[in-house]
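Reviewing the structure listed below.
The values are calculated or read from the model by the stated rules, or taken from the named source; none is laboratory data. None of the values given here were measured: they were computed from a predicted structure. Note: ideal-geometry Cβ built from the backbone for every residue, glycine included; neighbour counts use all protein chains shown. We work out accessible area using only protein heavy atoms, side chains counted, and drop any ligands, DNA or RNA first. Shrake-Rupley method; radii C 1.70, N 1.55, O 1.52, S 1.80 Å.
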Amino acid sequence: MREGFIFERYFKKLFPNQKTNLVYASRNSTFPITIDIDNLSSSLLGTQRAFSINDLYESLQIDIKDTKILSYKNELLSKANLINIENYTLYDEIRKDLEIRKDEILEKVLEQKSLIKNYFKSFDTHKKSIFRYFKCWA
């Protein structure tokens with residue numbers, strides 16, 4: 001993460017005696033933990049512009065099983081509301097599929113949260129560490 005390198009450099013100048021550790025996380029690894037499982041539509045709206053439908057399903061760590069969606073897997077998610085399938089848009093089909101598979105997605109989200117929590121715990125930070133506050137959500 002670019003921000004971590006910049007922050008660490010200035011932090012060391014301000015607090016030269018404090019230990020710092022960079023945390024490595026990709027946007028894809030943090031996407032599942034930010035999902036509002038009760039409002040999956042909001043999660044779809046916040047995705048990157050060049051995010052394909054296949055990227056969405058991969059980031060959720062689930063396979064595309066719906067054949068209607070599978071044939072459009074390489075389309076951009078941002079264009080899904082412009083593609084009609086029967087009487088619905090592709091976006092509606094994706095939303096419906098994710099709603100049906102909510103429990104499966106929740107299980108994957110919990111697994112990802114656990115992995116990230118274990119990653120943070122591996123730093124063995126001191127109780128008075130500023131980083132400890134980031135551990136609370138995991």
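Structure notes:
- When the C-alpha to C-alpha distance is required to be over 31 Å, the pairs from 68/108; 19/113; 13/108; 12/113; 96/121 that qualify are 13/108; 96/121.
- In the context of the full protein assembly, residue 89 retains an accessible surface of approximately 30 Å², using a probe radius of 1.4 Å and ignoring ligands and nucleic acids.
- Heavy atoms of residue 72 accessible to a 1.4 Å probe, total area in Å² rounded to 10: 70 Å²
- The HN-Hα couplings worked out from phi for region 80-97 by the Karplus form 6.51 cos²θ - 1.76 cosθ + 1.60 (θ = phi - 60°) are 4, 7, 9, 9, 9, 10, 6, 9, 10, 7, 4, 4, 4, 5, 5, 4, 4, 4 Hz, whole numbers, x standing for Gly and Pro.
- Loop-resident sites, region 73-114, for GluC sites (Glu not before Pro), counting at most 12 other Cβ within 10 Å (DSSP): 86
- Estimated distance in nm for a label pair at residue 89 and residue 65, the labels positioned 7 Å out from Cα along Cα-to-Cβ: 2.6 nm
- Largest to smallest in accessible area, the residues 90, 14 fall in the order 14, 90 (1.4 Å probe, all protein chains included).
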